[in-house]
Amino acid sequence: MTETATGTPVSLGLPPMPRTRRSKAEVDADRRGTSAQKVLLAAPRGYCAGVDRAVIAVEKALEHYGPPVYVRKQIVHNRHVVETLEEKGAVFVEETDEVPEGALVVFSAHGVSPAVVNSAEERGLQTIDATCPLVTKVHREAVRFAKNDYEILLIGHEGHEEVEGTFGEAPQATQIVNNPDEADTIEVKDPDKLIWLSQTTLSVDETMETVRRLRKRFPNLQDPPSDDICYATSNRQAAIKKIAPQADLVIVVGSANSSNSVRLVEVALEYGAKAAYRVDFAHQVDESWFSDAQTVGVTSGASVPEVLVRDVLSLLAEYGYEDVEEVVEAEEDILFSLPKELRATLKAHGDESRGLGGRGVRPRS
């Protein structure tokens with residue numbers, strides 16, 4: 001037993017027992033194919049510019065302000081990243097009322113609603129807004145169209161932090177559409193003054209199907225000024241679409257609460273992969289998956305550090321998948337400035353080591 005900061009006892013449970021992994025010889029004995037084993041490694045994969053920026057923001061805050069630095073929600077949806085930052089002194093909370101008055105809190109990359117910002121101000125909290133700039137763009141669109149008396153159909157997963165933040169910008173003017181089937185039943189006030197926006201991490205294909213079915217009912221539905229699904233989500237899905245038809249197995253590295261990682265598994269299966277699984281860490285890969293797999297596709301969600309992908313590649317090499325071919329869909333080169341509140345602190349301390357976050361990608365034209 002241990003205690004939380006409030007003194008409430010919490011049972012940590014027993015550590016998981018390590019699974020006895022079958023040897024390569026045992027796996028080879030069950031293997032049904034005879035052709036050479038290879039890996040198709042998706043590019044781009046892993047960290048996008050918005051994630052890189054958010055993680056650096058927490059690291060720099062810890063460095064310059066010292067721990068604890070509070071973070072509302074997970075800074076990004078990845079277990080390894082969150083656990084690593086916790087070890088350095090970050091404290092993750094669900095809501096701002098869990099943060100001591102006057103303390104420093106970082107808003108996650110997924111964004112927050114105006115109500116959360118107001119709550120932080122009321123408690124006298126110092127804030128660093130690490131919202132991805134591409135999410136901020138969608139927030140601004142929601143505000144602008146609501147002011148112009150448009151009804152907003154927000155395509156996204158109800159309960160996801162990003163959707164909660166965008167919805168909170170114009171709750172009276174917004175309806176959430178979770179999937180294509182809901183497009184067939186949703187009712188609107190004025191079908192001639194209607195626009196759709198979307199969560200940035202959705203399946204491109206499913207989103208377009210939702211829009212198609214909405215437009216079938218509401219022909220005057222307007223598109224957002226630019227794509228809301230972010231370049232990183234689109235690029236990672238495009239890369240796995242190229243790999244999936246050739247893959248007996250696809251392994252997606254990413255956490256269960258990462259929308260874009262979960263979508264990659266779905267896209268892989270939809271586009272022809274014979275099997276696809278998501279793992280947080282290499283030790284979660286089940287070697288029984290290799291029995292029918294000559295070609296293995298590997299990718300990772302936009303909040304996954306490359307070290308976790310390398311661990312999976314090392315494990316695959318142990319089982320004979322040493323031939324790695326990178327399948328390149330796009331070159332990513334986007335950089336985002338760190339949050340303005342943090343840039344001012346870094347400048348005051350003469351810290352010029354990293355004022356930018358990201359190495360991200362625009363889709364090929």
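For the subset of the stretch 118-133 comprising residues that are open to solvent by 40 Å² or more (accessible area, probe 1.4 Å) and not in a loop (DSSP other than H, G, I, E, B), which member is nearest to Ala54 (Cα to Cα)? Show your work before the answer.
Here is the first cut: in the stretch 118-133, the ones open to solvent by 40 Å² or more (accessible area, probe 1.4 Å) are 118, 121-124, 126-127, 129, 133.
Now narrow it down to the ones that are not in a loop (DSSP other than H, G, I, E, B): 118, 121-122, 126-127, 129, 133.
On the way: Asn118: 21, Glu121: 21, Glu122: 24, Gln126: 16, Thr127: 13, Asp129: 9, Pro133: 10 Å.
Result: Asp129.
In the stretch 161-182, how many are surrounded by 19 or more Cβ atoms within 10 Å (Cβ to Cβ) and part of a loop (DSSP other than H, G, I, E, B)?
2
Glu332 fails exactly one of the following numbered conditions: (1) among the charged types (D, E, K, R); (2) within 22 Å of Tyr231 (Cα to Cα); (3) open to solvent by 40 Å² or more (accessible area, probe 1.4 Å). What is the number of that condition?
Only one criterion in (1) among the charged types (D, E, K, R); (2) within 22 Å of Tyr231 (Cα to Cα); (3) open to solvent by 40 Å² or more (accessible area, probe 1.4 Å) is unmet by Glu332, namely (3).
So Leu62 fits all but one of (1) assigned to a helix (DSSP H, G or I); (2) in contact with a Ser or Thr (Cβ under 9 Å, 6 or more places away or on another chain); (3) farther than 22 Å from Thr136 by Cβ; (4) among the hydrophobic types (A, V, I, L, M, F, W, C); what number is the exception?
(2)
Within the group Ala146, Ala142, Ala115, which residue is in contact with a helix residue (DSSP H, G or I) (Cβ under 6 Å, 6 or more places away or on another chain) and either surrounded by fewer than 21 Cβ atoms within 10 Å (Cβ to Cβ) or assigned to a loop (DSSP other than H, G, I, E, B) (or both)?
Exactly one residue qualifies, and that residue is Ala146.
Tell me which residues, restricted to the stretch 94-109, are out of contact with any helix residue (DSSP H, G or I) (no Cβ under 6 Å at 6 or more places or on another chain) and open to solvent by 10 Å² or more (accessible area, probe 1.4 Å).
Correct list: Glu94, Glu95, Asp97, Glu98, Pro100, Glu101, Gly102, Ala103.
Could you tell me whether Leu40 is more than 27 Å from Ala282 (Cα to Cα), hydrophobic (A, V, I, L, M, F, W, C) and either in contact with a helix residue (DSSP H, G or I) (Cβ under 8 Å, 6 or more places away or on another chain) or modelled with pLDDT of 75 or more (or both)?
When the stated conditions are applied, Leu40 does not pass them.
The values are calculated or read from the model by the stated rules, or taken from the named source; none is laboratory data. Predicted model only: the values in this text are computed from it and were never measured. Positions of Cβ are generated from backbone atoms using ideal geometry, with glycine treated the same way; all protein chains shown enter the neighbour counts. Surface areas here come from the heavy atoms of the whole protein model, side chains and all, with no ligands, DNA or RNA. Shrake-Rupley method; radii C 1.70, N 1.55, O 1.52, S 1.80 Å.
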